[in-house]
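Chemist: Following this message is one structure expressed as structure tokens.
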Amino acid sequence: MGIYAERREQLHRRLRERGEAGRVLFAGHVLQPRNYGANVYRPFRQNSHVAYYFGIYHPGFVGVLEADGRSLLFGPQPTLEDVVWEGPLDALEVWGQRAEVEEAHPIEDLEKWIRDASGGWLHTRPYQADLGMRMARWFGCTTEAVMAGASKILSEEIVSQRLVKSAQEVAEIERALAMTAAGYEEVMRALRPGVTTASLIGRVMRRAYEEGVDVAYPPIITSHGEILHAHGDSEVLRDGRLLLMDMGFEAPSLYASDITRTMPINGRFTPMQRDIYEVVLQAQSAAIAAIRPGIAYSEVHDIACEAVASGLVGVGLMKGDVKEAVAIGAHALFFPHGLGHALGLDVHDMEDLGDQVGYGGEGLRSAQFGRNFLRFARTLEEGYVVTVEPGIYFIPALIGQWKAEGRHADFIAYDRLEAWLAFGGIRIEDDVWVTAQGSKVLGPVIPKQVEDIEAWVGTAA
Ligand code: GLY
Ligand code: MN
């Protein structure tokens, strides 16, 4: 049995064990119009569940897992006209063999087939608007009913299956990471005062085109690291500032990578930059060292928060008891996001299924500022892949607001912060595999020690 049939069989078995007798519908993506119907966004990106359970990377397919365990594929049967415009195309039967299904049918038959089928349907919540509308038409209901009808049990079982990565899946992530590492080397060597962020993004995207892949998310390349997801206009990079780069390619199989490095634009960290950098690096090392099966990722997050707070006490920007500071969320002035997330076919793996991924059965998200952005809190199991991405940021608006309120004033040295308002931000991120023994940082080494970064930056001819 091939991997796709095996994955579906496992899902089918688990659903039966839980008393679910319905059919499962996996709706693949269609091409999305850009400014009119025939001008579409490319490259096409398949829905990750369809990629995982059916191995189909082309638009227009729908997979069905029948209540009796058989699988069907509905998809386009190429016409002569399609061949005129697009060149030779595989017949539907070939796609069916690739997806390891028992039957393949033209997509035009799907609606009638769904209407004629008796019994219930299980599906996940569509996140592309047109998919919601198409599903509503197939099921003869409203899009609201499609959204509300997403199956919790199906989500739970998909999550528990997809969270545990096989050696083959980890190899795909490492394939993406090999390209990402090469991209980092190119950008770091090309970095110097006067270059623009647009030119660096251009290098990344040119590499993606040359490799025939896509980025796993829009790259963040900015001297304003304090803006967590900065996608602003191009800027000319200035001497003395830091560049934060958060970038990862997808493998051809769509497995993601997600890496962040922060580096001095002129190739030398200032003492202030170095002090903060070492605190973030220490927080990341402490978190990675704590990763093993059986520990909750929320606990690993706390370990990183305490390392951040303790390091900032050392720098003189925080004060008081570190554990108390973290418990009430004072550190979040500097580290206002979660430590990381699951990584796989999606950069935030399966985030379309909501907090089932990060919290399923293990409590709810905290309402506390900072911790509310912790996307993944679950107890780790062997085979999970997570990102570890602590950061320290100086966000003038946030500092101004907290200072005016006197918020957590027992723990924050507000009087010293004035000198740091234009600092920017630092984040360091790696992708980590939970192994039986502990953990493994995936992919080739991308410099993150101060000396190693300084040895690379600005060295291109
Ligand atoms: N790489 C962007 C993020 O993890 O949010
Ligand atoms: Mn990330």
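Read the figures in this text as sums done on the coordinates, not as results from a lab. As the structure is a computational prediction, the values presented were derived from the model and not from experiment. Neighbour counts are summed over all protein chains in view; Cβ atoms, including those assigned to glycine, are modelled from backbone coordinates with ideal geometry.
Chemist: Please report how many Lys pairs in the chain have alpha carbons closer than 24 angstrom, counting only residues at least 8 apart along the chain or sitting on separate chains.
Modeler: 5
Chemist: Further, regarding this structure: Using Cβ counts within 10 Å as a stand-in for footprinting exposure, how do THR79, THR387 rank, fewest first?
Modeler: THR79, THR387
Chemist: Once amide H atoms are placed 1.01 Å from N in the peptide plane, what residues at a sequence separation of 5 or more from VAL40, or on another chain, have their amide H within under 5 Å of its amide H?
Modeler: Distant-sequence amide H within range of VAL40: ARG34.
Chemist: Give me the net charge of ARG18's neighbourhood, meaning all other residues with Cβ under 13 Å from the Cβ of ARG18; Lys, Arg count +1, Asp, Glu -1. Before the final figure, lay out each step's value.
Modeler: Details: positive: ARG13, ARG14, ARG16, LYS152; negative: GLU17, GLU20, GLU156, GLU157.
Once positives and negatives cancel, what remains is 0.
Chemist: Quick one: length gained pulling THR270 to ALA461 fully straight, 0.36 nm per residue minus the C-alpha distance? Walk me through the numbers on the way to the answer.
Modeler: Numbers: separation 191, 0.36 × 191 = 68.76 nm, distance 2.41 nm.
Computed gain between THR270 and ALA461 is 66.3 nm.
Chemist: If you project the alpha carbons of the stretch 148-291 onto the principal axes, what extent comes out on each, in Å, largest first?
Modeler: 53, 37, 35
Chemist: Remind me, what semi-axes does the stretch 333-407 give for its equivalent ellipsoid, largest first in whole Å, using sqrt of 5 times each Cα gyration tensor eigenvalue? Walk me through the numbers before you get to the answer.
Modeler: Values: eigenvalues 157, 37, 20 Å².
Semi-axes, largest first: 28, 14, 10 Å.
Chemist: As I understand it, the value is the acute angle between the Cα axis of helix 167-190 and the longest principal axis of the Cα atoms of the chain; what does it come to in degrees, rounded to 10?
Modeler: So the inclination is approximately 40 degrees.
Chemist: Post the alpha-carbon centroid distance, the stretch 1-21 to the stretch 265-290, in whole angstrom.
Modeler: Going from one Cα centre to the other spans 45 Å.
Chemist: Now for a different question. Relative contact order of the chain: what whole-number percent is it, with Cα pairs under 8 angstrom and at least 6 residues apart?
Modeler: Numbers: 863 pairs, mean separation 70.6, N = 461.
Rounded, it is 15 percent for the chain.
Chemist: Continuing with this model, one more query. Between GLN10 and VAL94, what length in nm is gained on full extension when 0.36 nm per residue of separation is reduced by their alpha carbon distance?
Modeler: 27.9 nm
Chemist: Let me ask another. Say a paramagnetic label sat at a point 7 Å from the Cα of VAL164, along Cα to Cβ; which residues of the stretch 430-445 have their backbone N under 17 Å from it?
Modeler: Answer for the stretch 430-445: 433-438.
Chemist: To the nearest µm²/s, what D does Stokes-Einstein give for the chain at 25 °C and 0.890 mPa s, using the Kirkwood radius over alpha carbon pairs as Rh? It would help to have the intermediate numbers written out before the result.
Modeler: Working: Rh = 23.9 Å.
Stokes-Einstein gives a translational diffusion coefficient of 103 µm²/s.
Chemist: Compute the long axis of helix 3-17 from its Cα atoms, compare it with the longest principal axis of the Cα atoms of the chain, and write down the angle in degrees, 0 to 90, nearest 10.
Modeler: Relative to the chain, helix 3-17 is tipped by roughly 90 degrees.
Chemist: In degrees between 0 and 90, to the nearest 10, how far off the longest principal axis of the chain does helix 129-139 point, with axes built from Cα atoms?
Modeler: That works out to roughly 30 degrees.
Chemist: What ranking, highest mean first, results for peptides 217-225, 234-242, 15-23, 259-267 when packing means the other Cβ atoms within 10 Å averaged over each residue?
Modeler: Working: 217-225: 20.3, 234-242: 15.7, 15-23: 13.9, 259-267: 22.6.
The peptides rank, most packed first, as 259-267, 217-225, 234-242, 15-23.
Chemist: On to the next question. At 222 nm, what value in deg cm²/dmol follows for the chain if DSSP H runs of at least 4 each add -39500 (n - 2.57) and the sum is divided by all its residues, to the nearest 500?
Modeler: After summing the helix terms and dividing by the residues of the chain, the value is -12000 deg cm²/dmol.
Chemist: What value does the stretch 1-157 have for Rg/Rh, both radii from Cα atoms and Rh as Kirkwood defines it?
Modeler: With Rh from the inverse mean 1/r over Cα pairs, Rg/Rh is 0.96.
Chemist: Can you tally the net charge around GLU93? Count Lys and Arg as +1, Asp and Glu as -1, for every other residue whose Cβ sits under 15 Å from the Cβ of GLU93.
Modeler: So the environment of GLU93 carries a net charge of -4.
Chemist: Count charges around LEU374 for me, please; just the other residues with Cβ under 14 Å from its Cβ, Lys/Arg as +1, Asp/Glu as -1.
Modeler: Working: positive: ARG365, ARG371, ARG375, ARG378; negative: GLU299, ASP302, GLU351, ASP355, GLU362, GLU389.
My count for the surroundings of LEU374 gives -2.
Chemist: Here's another thing I want to ask about it. Based on alpha-carbon atoms only, what is the radius of gyration of the stretch 400-461 relative to the globular estimate 2.2 N^0.38 Å?
Modeler: Against the empirical 2.2 N^0.38 Å value, I get 1.80 for the stretch 400-461.
Chemist: Can I ask one more? Across 10 Å bins from the origin, how do the percents of Cα pairs in the stretch 234-332 run, short distances first?
Modeler: 14, 32, 34, 17, 3
Chemist: Ok, one more. With a cut-off of 8 Å between alpha carbons and a minimum separation of six or more residues, what is the relative contact order of the stretch 24-140 in percent?
Modeler: 24
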